[in-house]
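Take a look at the structure below.
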Amino acid sequence: MEKQPGEQAAAEPADSGAGGGEGGSPQVAGAQTARPEDRLTLLLRLRAQTKQQLLEYKSVVDANEEKTPEQIMQDKQIEAKIEDLENEIEDVKIAFEIKKLALDRMQLSAALKKNLEKINPKTSVLMDNMKHVLKLNKLIMKSHQESWDLEEKLLDVRKKRLQLKQASESKLLEIQTEKNKQKNDLANMENSDKIKTIQQNLQMEIQITTVIQHVFQNLILGSKANWAEDSAFKETVLQLEKNLTMI
Amino acid sequence: MSVLRPLDKQPGLNTATILLVGTEDALLQQLADSMLKEDCASELKVHLARSLPLPSNVNRPRIDLIVFVVNLHSKYSLRNVEESLHHVDTTFFLGKVGFLITGAAKADIPARGPHGFSAAGREGHCSIHRNTVVRLARTYRSPLLFCDLEVEGFRAAVAQRLVRMLQICAGHVPGVSALNLLSLLRSSENPALEDV
C-alpha cells in the first residue's frame, strides 16, 4: 500500500519527472526568478550534483567489473585466496580507521584552536580541564614507568628461579646417575664369578678351620688338662671357641 | 519487480526521494510533513509505505534513501520491518538505508495512565528491547536514529537530519557519497572493525 507522495519544490513545481534525463535546466529553474544569477547558481549546483551522481554510478560499474574466477581451483588455493582477500579487507579497514582518527583529531584541534582564540585563555574552564588532563597524563606515564620497572624485576626474579631450578635439576640428575652407577657396580661385583669362587674358598677354609678348632678342643678336653689355670692356655682355648662364620 | 534496487533508474534532476516504511501511519505522515517543511535546495519527494514490496504498477522515481520506522511499543512494527527488509536489494545497504526508532521516551510511563488504556497496539512498557533494534542495525550495517516522533521539536530535528542524509544519498552534495556518510556515522560504540 502506498500513499501519494507530498511534493514540494524549492522553485515552482515544474514537471521534474518529465524533465528528468534532459539537461533541461531552464525548465527546472522555473518561473520563480528570471535573474540570471539564480539560474547560474542552479546550473552550477546541478552540475555538481550530476558530477557526484556520475561518480557514484561509475564506482558501482567499477565494482561490478571484478569477476570471480571461473576456473576450477583446488580447495587449498581457494582458501588461500580467501585468506588473502580477507587480509586485504582487514588492512584497508585498519588504515581507514587510523585515517578517520587522524581526521577527527585534526578537526578537534582546529575547533579547539578557534575556541581558544575567542575565549580569554587564562580564566576558562577549558584551560583548567587541559591542565588537569596534563597532570593526569603525567601521572599515567609515571605509573606506566613504575609498573614497567616492577615487571622487569619480576621477570628477573623469575629468570633466576628458572635458572636455579635448572641447576638443581641437573644436580639431582647427576646424583641419580651416580647412585645408579654404584648400584650397578655393586650388582656386578656381587654377580661376578671370581667373587663366587673366592666366597666358596672362604667357606671351605672356614669349615676346615672350624673342624680343626673342634679337633683341638676335643684334644684338650680329652687330655683332661686344667686349662683354666694357665692364662696363655686359657686364651688359646677361648680363641678356639670363636665362631668363624660370624667374623 | 519485488526487490528494490538503488541504481536501476535514472535520477531525477534536482530531485531527491525518500521512502519511509513503517506501520504507524500517523507518525509517518507527521514526519513527512516536517521534512517537507525544511527548506532545502533540492526538490524533496517523500513516499510513505506500510510495508515492502511496493506495488510495481506505479511509476515512481528512483528512491535514494529508505528509512524503516520501528516503534518500540509494538512488536508488529519490528516484524513488519524485518519482513520488508527481504525485499530490499543488498546494494541498498551501502549507506542508503537507515533505521529510525521511536517510542523510547514512553518507557517509564505506567501502563494505566489517568486517561485509561492507551491506543490500540501500544502498551506502556516497551515490548521490544533497545538491544534488539541495535543488533538489527548492526546486522545490516546501517545507521540507527532515535527520536520521539510525537514531540514537535524532536521531530523537526530528526527531519532536518533526514533531509541532509537524503541530499547526500541522492548525490546532491559534492564530495560526500552515501558510503562515505555511512563510514562517518559510525560512532565509537559500534566500530567498523567489529564482526569481521
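The values are calculated or read from the model by the stated rules, or taken from the named source; none is laboratory data. Since the model is a prediction, treat every value here as computed from it, not as a measurement. Cβ placement follows ideal geometry from the backbone for every residue including glycine, while neighbour counts extend to all protein chains displayed. Note: accessible area is taken over every heavy atom of the protein model, side chains too, but ligands, DNA and RNA are not part of it. Shrake-Rupley method; radii C 1.70, N 1.55, O 1.52, S 1.80 Å.
Applying the selection to the range B:131-147, what residues are more than 16 Å from B:Leu182 (Cα to Cα) and open to solvent by 70 Å² or more (accessible area, probe 1.4 Å)?
If the condition is that a residue be more than 16 Å from B:Leu182 (Cα to Cα) and open to solvent by 70 Å² or more (accessible area, probe 1.4 Å), then B:Asn131, B:Arg135, B:Phe146 are the ones that fit.
From the residues in the range B:16-29 that are of a type in the set (S, T, N, Q) and open to solvent by 10 Å² or more (accessible area, probe 1.4 Å), which one is farthest from the other protein chains (Cβ to nearest Cβ)?
In the first step, residues of the range B:16-29 are kept if they are of a type in the set (S, T, N, Q); the result is B:17, B:23, B:29.
Add one more test, that the residue is open to solvent by 10 Å² or more (accessible area, probe 1.4 Å), and what stays is B:23, B:29.
Values: B:Thr23: 11, B:Gln29: 8 Å.
Filtering first and then ranking leaves B:Thr23.
Could you list all residues from the range A:222-247 that are open to solvent by 100 Å² or more (accessible area, probe 1.4 Å), more than 20 Å from A:Glu205 (Cα to Cα) and not in a helix (DSSP H, G or I)?
A:Lys224, A:Glu229
Search the range A:64-93 for residues being at pLDDT 80 or above and hydrophobic (A, V, I, L, M, F, W, C), and hand back the single one that is least open to solvent (accessible area, probe 1.4 Å).
A:Ala80
Do we have B:Asp33 as at pLDDT 90 or above and not aromatic (Phe, Trp, Tyr) here? Write out each step before concluding.
Values: at pLDDT 90 or above: yes; not aromatic (Phe, Trp, Tyr): yes.
Criteria met by B:Asp33.
Given the conditions (1) surrounded by fewer than 21 Cβ atoms within 10 Å (Cβ to Cβ); (2) out of contact with any helix residue (DSSP H, G or I) (no Cβ under 7 Å at 6 or more places or on another chain); (3) within 8 Å of another protein chain (Cβ to nearest Cβ), and given that B:Asn57 satisfies all but one, which numbered condition is not satisfied?
Unmet for B:Asn57, out of (1) surrounded by fewer than 21 Cβ atoms within 10 Å (Cβ to Cβ); (2) out of contact with any helix residue (DSSP H, G or I) (no Cβ under 7 Å at 6 or more places or on another chain); (3) within 8 Å of another protein chain (Cβ to nearest Cβ): (3).
Can you pull out the residues in the range B:30-46 that are surrounded by 22 or more Cβ atoms within 10 Å (Cβ to Cβ) and touching a Lys or Arg at 6+ places or on another chain (Cβ under 8 Å)?
B:Leu31, the sole residue that qualifies.
Hey, among A:Leu139, A:Leu219, which residue is under 30 Å from A:Leu108 (Cα atoms), open to solvent by 90 Å² or more (accessible area, probe 1.4 Å) and either touching a strand residue (DSSP E or B) at 6+ places or on another chain (Cβ under 6 Å) or assigned to a helix (DSSP H, G or I) (or both)? Write out each step before concluding.
Working: A:Leu219 fails: under 30 Å from A:Leu108 (Cα atoms).
Just a single option satisfies the conditions, and that option is A:Leu139.
Any residue that is assigned to a loop (DSSP other than H, G, I, E, B) and either open to solvent by less than 20 Å² (accessible area, probe 1.4 Å) or within 30 Å of B:Leu7 (Cα to Cα) (or both) - is there at least one of those in the range B:151-168? I'd like the intermediate steps shown before the answer.
Taking the range B:151-168 first, the residues assigned to a loop (DSSP other than H, G, I, E, B) are B:151.
Then drop every residue that is not either open to solvent by less than 20 Å² (accessible area, probe 1.4 Å) or within 30 Å of B:Leu7 (Cα to Cα) (or both), which leaves none.
Scanning the range B:151-168 turns up no residue that is assigned to a loop (DSSP other than H, G, I, E, B) and either open to solvent by less than 20 Å² (accessible area, probe 1.4 Å) or within 30 Å of B:Leu7 (Cα to Cα) (or both).
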